[in-house]
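Visitor: For reference, the structure I am asking about is given below.
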Amino acid sequence: MTRSLVVVSAGLGVPSSTTALAERLGAAAASALRDAGERVEVTHVELRPLAHALADRMLTGFATGDLDEALRTVSRADALVVATPVFTASYSGLFKTFVDALDPDALVGTPVLVAATAGTARHSLVIDHALRPLFAYLKAVVVPTGVFAASEDFGAGGGQDALGSRIDRAAGELAALVAGLPTRRTPLRAVSDPAEDVDDLPEPVPFEQLLHPR
Amino acid sequence: MQIGIFSVGDVTTDPTTGRTPTEHERITAQVRIAEKAEEVGLDVVALGQHHNPPFVASSPTTTMAWIAARTKRILLSTSTTLITTTDPVRIAEDYGTLQHLTEGRMDLMLGRGNTGPVYPWFGKDIRRGLELAVENYALLHRLWREDVVDWQGQFRTPLQGFTATPRPLDGLPPFVWHGSIRTPEIAEQAAYYDDGFFHNHIFWPASHTRQMVALYRRRFEHYGHGAADQAIVGLGGQFFMRRNSQDAVNEFRPYFDNAPVYGHGPSLEDFSSQTPLTVGSPQQVLERTLSFRDYVGDYQRQLFLIDHAGLPLSTVLEQLDLLGEILPDLRAGFAEGRPAHVPDAPTHAGRLAAREEAAA
């Protein structure tokens, strides 16, 4: 069975240190899953090209095109890596807008590895003060190790506390939540799929039950 | 097939002039638009109900009665009547009275409304919106069908030995449509009661509309009211027409770009491809409208939103002239290939005749 590992990056620059971190985490998680005997398909979702579509989604209430596909991909992930730059003491607005566009039930039970980047290590608690509560609200399962990388981490040496070992530890934790377990359930409320012409509205509660609850 | 217009009754600044109409101007404009709709041959005009600025449409039956008195033929409806925050007893009375005054030239579309604070202003809780819609309509349905009602529910004071007056004209309750953009349970409700289902259609992709209508049709058949293609379906739509399509785009763009619902969002071109919005020549509007059947099947009522986004009254009236010009082609197009067993849109006269035929 192939596991879907989806890596979301809200990095804005080209090149982006956030995207670089996300890619390293994705590769490490895929490798840890393969070590655990799983087949893995990795999909990268970059939010920068979706920025206009996300603003439109906020204003119209519906997602189209690549954004629709990205939301669908994330909703169906077996495991998720998310990485955001720190902007003004929290995740970036673009990152939050993408999360806001997800169905509230989309990530229930999904293992998530959270990561953030910033210019200095003084922002590192964004992992625990902003990202964890966000995904706790969505009832995702956040792995114990969050990965924060300041600019200086990219130039630091190895060792137990170095970025590389934090990445490996977090990736191992993510793999442990996925490997050997049944595949992810069908999303509680799937998004519409015009391309496949599927009928994915949830079945309504039969009317007698609506009329006479309990 | 009924073809008409629907409005939400908003007061919106004209973005090209910066001028905001007064409430008085908007209320009288709605009347003028309805009269014009009849003049150009349309079948239906539907008015909204809201209880907060920038809307003026707080009392639909008052406006509907006034329009009915000034017209001869056009059917009055709503888009929508708030079933959640309006006492069903008052809906029974207000619309029951309107039915008599108009000789049955009316129906209504129920909706839940979407503005949070309106619920507490009327002592209700938006989180119970669906339950309110279900219970309130269950009561309204009985009030129009049973002369004396004993009733107790969660949301209003109980009734003992209550008779809603006046009793329905010819003993035939007004026809009810249920409108919802995304709630399957409302399609289920419409199917259960053998009522009509209206999909707003204009703010969301066609794929979504198709699924909601298909669900309603399937459940209509499930409840034994007829085949799925005999369910009563209405759709919204919106257009802006000029004889030259580029003129239509140029003139409408500032209104689109600043529109209250989707303004400052997607481009006119993107929104036109993602939703049923058609900005162009009469021929383009004709062709696009006739394509709606491709994904919802043959249906009964097509309403267009044309009075919105700050468009001046004179422009709205010109739009109605243009709609009147393509109306014969629209009717012919909708009639083409329509199976005989697909019912016409419900009217008081038609339903009365059907009842008499069934009795005979």
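The values are calculated or read from the model by the stated rules, or taken from the named source; none is laboratory data. Everything quoted here is computed from the prediction, not taken from an experiment. Here the Cβ is made from the backbone with ideal geometry for all residues, glycine too, and neighbour counts use every protein chain on show.
Residue by residue, here is whether (1) without any contact (Cβ under 8 Å) to a residue 60 or more places away in the chain; (2) not aliphatic (A, V, I, L, M) holds:
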{"position": "B:Ala65", "(1), (2)": "yes, no"}
{"position": "B:Arg70", "(1), (2)": "yes, yes"}
{"position": "B:Leu76", "(1), (2)": "yes, no"}
{"position": "B:His100", "(1), (2)": "no, yes"}
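Visitor: Taking segment B:207-216, which residues are more than 8 Å from chain A (Cβ to nearest Cβ) and over 9 Å from B:Ala187 (Cβ atoms)?
Guide: Residues of segment B:207-216 more than 8 Å from chain A (Cβ to nearest Cβ): B:209-210, B:213, B:216.
The answer is B:Thr209, B:Arg210.
One line per residue, one yes/no per condition, for (1) among the hydrophobic types (A, V, I, L, M, F, W, C); (2) in contact with a Ser or Thr (Cβ under 8 Å, 6 or more places away or on another chain):
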residue	(1), (2)
B:Arg182	no, no
B:Tyr192	no, no
B:Pro205	no, yes
B:Ala214	yes, no
B:Ala228	yes, no
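Visitor: Condition first: basic (Lys, Arg) and either touching a Gly at 6+ places or on another chain (Cβ under 9 Å) or in contact (Cβ under 8 Å) with a residue 12 or more places away in the chain (or both). Now tell me which residues in segment A:24-54 satisfy that.
Guide: A:Arg24, A:Arg39, A:Arg48
Visitor: May I pose another question? Taking B:Val45 as the residue in question, decide whether it is farther than 22 Å from B:Gly324 by Cβ and surrounded by 17 or more Cβ atoms within 10 Å (Cβ to Cβ).
Guide: Working: farther than 22 Å from B:Gly324 by Cβ: no; surrounded by 17 or more Cβ atoms within 10 Å (Cβ to Cβ): yes.
So B:Val45 does not fit the description; no.
Visitor: Determine if segment B:264-273 includes at least one residue that is in contact with a Pro (Cβ under 7 Å, 6 or more places away or on another chain) and in contact (Cβ under 8 Å) with a residue 12 or more places away in the chain. Even if it seems obvious, please write down each step before you answer.
Guide: Here is the first cut: in segment B:264-273, the residues in contact with a Pro (Cβ under 7 Å, 6 or more places away or on another chain) are none.
The answer is no, given that none of the residues of segment B:264-273 is in contact with a Pro (Cβ under 7 Å, 6 or more places away or on another chain) and in contact (Cβ under 8 Å) with a residue 12 or more places away in the chain.
Visitor: Now for a separate question. Return the residues of segment A:155-204 that are modelled with pLDDT of 85 or more, surrounded by fewer than 14 Cβ atoms within 10 Å (Cβ to Cβ) and either in a loop (DSSP other than H, G, I, E, B) or basic (Lys, Arg) (or both); say none if nothing qualifies. Walk me through it before giving the result.
Guide: Start the filter on segment A:155-204 by keeping residues that are modelled with pLDDT of 85 or more, which leaves A:162-179.
Within this subset, residues satisfying the condition of being surrounded by fewer than 14 Cβ atoms within 10 Å (Cβ to Cβ) are A:162, A:165.
Answer for segment A:155-204, where residues must be modelled with pLDDT of 85 or more, surrounded by fewer than 14 Cβ atoms within 10 Å (Cβ to Cβ) and either in a loop (DSSP other than H, G, I, E, B) or basic (Lys, Arg) (or both): just A:Ala162.
Visitor: Hey, another quick one. Against the conditions (1) farther than 19 Å from B:Leu98 by Cβ; (2) in contact (Cβ under 8 Å) with a residue 12 or more places away in the chain; (3) in a helix (DSSP H, G or I), where does B:Thr28 fall short? Just the number, please.
Guide: Among (1) farther than 19 Å from B:Leu98 by Cβ; (2) in contact (Cβ under 8 Å) with a residue 12 or more places away in the chain; (3) in a helix (DSSP H, G or I), the lone unmet condition for B:Thr28 is (2).
Visitor: Go through segment B:260-296 and give me each residue that's of a type in the set (Ser, Thr, Tyr), at the interface with another protein chain (Cβ under 10 Å from one of its Cβ atoms) and out of contact with any helix residue (DSSP H, G or I) (no Cβ under 7 Å at 6 or more places or on another chain). Can you show your working first?
Guide: As a first pass, look at segment B:260-296 and keep what is of a type in the set (Ser, Thr, Tyr): B:262, B:267, B:272-273, B:275, B:278, B:281, B:289, B:291, B:295.
Next, only the ones that are at the interface with another protein chain (Cβ under 10 Å from one of its Cβ atoms) stay: B:262, B:267, B:273, B:275, B:295.
Listed by number, the residues that qualify are B:Ser267, B:Ser273, B:Thr275.
Visitor: What's the number of the condition B:Leu235 fails, among (1) more than 9 Å from chain A (Cβ to nearest Cβ); (2) surrounded by fewer than 21 Cβ atoms within 10 Å (Cβ to Cβ); (3) not acidic (Asp, Glu); (4) not in a helix (DSSP H, G or I)?
Guide: Every condition holds for B:Leu235 apart from (2).
Visitor: Among the residues of segment B:172-206, write down those that are more than 8 Å from chain A (Cβ to nearest Cβ) and of a type in the set (D, E, K, R).
Guide: Quick first cut of segment B:172-206, residues more than 8 Å from chain A (Cβ to nearest Cβ) only: B:172-183, B:186, B:190, B:193-202.
B:Arg182, B:Asp194, B:Asp195 - these are the residues of segment B:172-206 that are more than 8 Å from chain A (Cβ to nearest Cβ) and of a type in the set (D, E, K, R).
Visitor: Another question, if that's okay. For A:Gly26, state whether it is outside any strand (DSSP E or B), out of contact with any helix residue (DSSP H, G or I) (no Cβ under 8 Å at 6 or more places or on another chain), modelled with pLDDT of 95 or more and on the phi < 0 side of the Ramachandran plot. Show your work before the answer.
Guide: On the way: outside any strand (DSSP E or B): yes; out of contact with any helix residue (DSSP H, G or I) (no Cβ under 8 Å at 6 or more places or on another chain): yes; modelled with pLDDT of 95 or more: yes; on the phi < 0 side of the Ramachandran plot: yes.
Answer is yes for this residue.
Visitor: I would also like to ask the following. Select, from A:Ala70, A:Ala79, A:Ala89, A:Ala83, the only residue that is in contact with a helix residue (DSSP H, G or I) (Cβ under 8 Å, 6 or more places away or on another chain) and surrounded by fewer than 17 Cβ atoms within 10 Å (Cβ to Cβ).
Guide: A:Ala89
Visitor: Within segment B:174-190, is there a residue that is in contact (Cβ under 8 Å) with a residue 40 or more places away in the chain, in a helix (DSSP H, G or I) and not aliphatic (A, V, I, L, M)?
Guide: Yes: segment B:174-190 contains one or more residues that are in contact (Cβ under 8 Å) with a residue 40 or more places away in the chain, in a helix (DSSP H, G or I) and not aliphatic (A, V, I, L, M).
Visitor: I want to confirm something. Restricting to segment B:118-141 and keeping residues that are assigned to a loop (DSSP other than H, G, I, E, B) and either polar (S, T, N, Q) or touching a helix residue (DSSP H, G or I) at 6+ places or on another chain (Cβ under 9 Å) (or both), which single residue is nearest to the other protein chains (Cβ to nearest Cβ)?
Guide: Per the criteria, the residue is B:Asp125.
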